[in-house]
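Asker: Below are the C-alpha cells for one structure; questions will follow.
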Amino acid sequence: MRQIILASTSPRRKELLEEMGLDFTIVPSDFEEYLDASRPVEDIAMELGAGKARAVAEKYPEAIVIGSDTIVTIGEVQLGKAVDLEDARRMWRLITTAPNKVTSSLAVICKAENYEKVTYDSAWVYLRPYDEVAVEAYLATGDYTDKAGAYAIQHIGDLLDHIDGSEHTILGLPTEMLAAILRKDFDRAS
C-alpha cells in the first residue's frame, strides 16, 4: 500500500481526509500561492493545487500526494486569504454583495506510477446582506485568518443564507472526487 500524503497544513483538509477514513501523513508544501485575475479562477486553482502536490511529490515519489487550493470569487474578483483585519473587512463588504463562487482544486500525484490528475469543483455561498455588528463579531473571533475570502463556512452561523453545491468543496477539498480517484486509479477504499 502506498503512503498517502496531504500537501497542506489546512486543518479543514486534514479533518476531511480523516472523515474519509484515510491513513495519511501531512507534509507542508513550500509552493508559493498567487492570484491572477487575468485568467480563469479554475485554471489558477488547479495550477496552485498541482504546484503544491508536485513540490511534495518530488521529495516522496513513491507516495500518493494530494494537493488542493481554494479561491473565492465575486464576479471576476479573486479573493485569497486576508492579509490583516482591515483586508478581511474589505472582503466582507464585498462578499456580502453577491453570491460567492468557491473553487477548490484537487491534484493527486504519484511519481512512481507516472500518475497525475488535476481537477476542480465549484460551489456557491450566499451570505446575508452586510451587517456590520455581526461581521465585526465574527472577525473578532480571528477565525477568518488563513481562509480564502476571510471566512470559514462552518463557523459563520447566521451570516450564511445558504449554499449551492458541495460543502466539502467550500471547506477546501472535493472529497467525492478524491474518493472516486482513489477507488478507480489506486484501488483504495475510502
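Asker: If you plug each phi of the stretch 9-22 into the Karplus form 6.51 cos²θ - 1.76 cosθ + 1.60 with θ = phi - 60°, what whole-Hz ³J(HN,Hα) values come out, in order, with x for Gly and Pro?
Answerer: Here the 3J(HN,Hα) series is 9, 4, x, 5, 5, 4, 4, 5, 5, 5, 4, 6, x, 7 Hz.
Asker: Answer with one residue from Thr175, Phe24, Leu159: the one whose Cα lies farthest towards the positive end of the charge dipole of the chain, charges on Cβ with Lys, Arg +1 and Asp, Glu -1.
Answerer: Sorting the options by dipole projection puts first Phe24.
Asker: Using r as the Cβ-Cβ distance of Asp30 and Asp164, and R0 as 30 Å, what FRET efficiency do you calculate, to the nearest 0.05?
Answerer: Here the calculated transfer efficiency is 0.30.
Asker: Rounded to the nearest 10 degrees, what's the angle between the helix 175-186 long axis and the longest principal axis of the chain, both from Cα atoms, 0 to 90?
Answerer: On a 0 to 90 degree scale, this one is about 10.
Asker: Moving to a separate point now. Does anything in the stretch 1-41 have its amide N under 18 Å from the 7 Å Cα→Cβ label point of Glu62, and if so which residues?
Answerer: 1-6, 23-27
Asker: With only alpha-carbon pairs counted, each pair once and no self-pairs, how large is the Kirkwood hydrodynamic radius of the stretch 4-186 in angstroms?
Answerer: Evaluated over the stretch 4-186, this radius sits at 16.6 Å.
Asker: Here's another thing I want to ask about it. Taking θ as phi - 60°, what are the ³J(HN,Hα) couplings along the stretch 27-37 by the Karplus curve (6.51, -1.76, 1.60), each to the nearest whole Hz, with x for Gly and Pro?
Answerer: Along the stretch 27-37, the couplings run 10, x, 8, 9, 5, 7, 7, 7, 10, 8, 5 Hz.
Asker: Taking the Cα-to-Cβ direction at Tyr115 and at Asp146 and moving 7 Å from each Cα, how far apart do the two end points lie in nm?
Answerer: 2.9 nm
Asker: Which FRET efficiency, nearest 0.05, do Thr9 and Arg90 yield, Cβ-Cβ r, R0 30 Å?
Answerer: After rounding to 0.05, the efficiency reads 0.75.
Asker: Once you wrap a convex hull around the alpha carbon atoms of the stretch 45-123, what is its projected area averaged over all directions, in nm²? Mind dumping the intermediate values first?
Answerer: Working: hull surface 23.3 nm².
So the Cα hull casts an average projection of 5.8 nm².
Asker: How far, in degrees from 0 to 90, does helix 85-95 lean away from the longest principal axis of the Cα atoms of the chain, to the nearest 10?
Answerer: Rounded to the nearest ten degrees, it is 90.
Asker: Which peptide among 152-160, 104-112, 65-73 comes first, and what is the full order, when sorted by highest mean count of other Cβ atoms within 10 Å?
Answerer: On the way: 152-160: 15.3, 104-112: 23.9, 65-73: 26.9.
Put in order of decreasing packing, that is 65-73, 104-112, 152-160.
Asker: I would also like to ask the following. For the stretch 117-124, in order, what is each residue's ³J(HN,Hα) by Karplus, 6.51 cos²θ - 1.76 cosθ + 1.60 with θ = phi - 60°, in whole Hz (x at glycine and Pro)?
Answerer: Going residue by residue, I get 10, 10, 8, 7, 9, 10, 9, 10 Hz, with x marking Gly and Pro.
Asker: With only Lys, Arg, Asp and Glu charged, each at its Cβ (+1 for the first two, -1 for the last two), find how big the charge dipole of the chain is about the Cα centre; round to the nearest 20 debye.
Answerer: On the way: 20 positive and 33 negative charges, 72 e Å.
The calculation lands at about 340 debye.
Asker: In the neighborhood of Gly165, defined by Cβ-to-Cβ distances under 12 Å, what is the net charge if each Lys or Arg adds +1 and each Asp or Glu adds -1?
Answerer: On the way: positive: Lys101; negative: Asp121, Asp164, Glu167, Glu176.
Summing Lys and Arg as +1 and Asp and Glu as -1 gives -3.
Asker: Then there is this: Over the chain, what is the mean sequence separation of C-alpha contacts under 8 Å (at least six apart), divided by residue count, expressed as relative contact order in percent? Let's see the in-between values first.
Answerer: On the way: 386 pairs, mean separation 41.8, N = 190.
It rounds to 22 percent for the chain.
Asker: At a 10 angstrom cut-off on C-beta neighbours, averaged per residue, how do the peptides 74-84, 51-61 rank from highest to lowest? Write out the running numbers ahead of the final one.
Answerer: Numbers: 74-84: 15.9, 51-61: 20.4.
Order by mean packing, descending: 51-61, 74-84.
Asker: So, in Å, what gap is there between the alpha-carbon centers of the stretch 1-40 and the stretch 114-190?
Answerer: A separation of 13 Å, based on Cα centres.
Asker: Step by step: find N for the stretch 1-59, compute 2.2 N^0.38 Å, then divide the Cα radius of gyration by it. What's the final number?
Answerer: On the way: Rg = 12.9 Å, N = 59, 2.2 N^0.38 = 10.4 Å.
Here the Cα radius of gyration is 1.25 times the empirical estimate.
Asker: Can you tell me the 0 to 90 degree angle between the C-alpha axis of helix 41-59 and the longest principal axis of the chain, rounded to 10?
Answerer: Helix 41-59 sits at roughly 40 degrees to that axis.
Where a number appears in this text, it was derived from the coordinates with a stated rule and is not lab data. Worth saying up front: this structure is predicted, and the values here are computed from it rather than measured. Cβ coordinates were reconstructed from backbone atoms using ideal geometry, including for glycine residues, and neighbour counts include every protein chain displayed.
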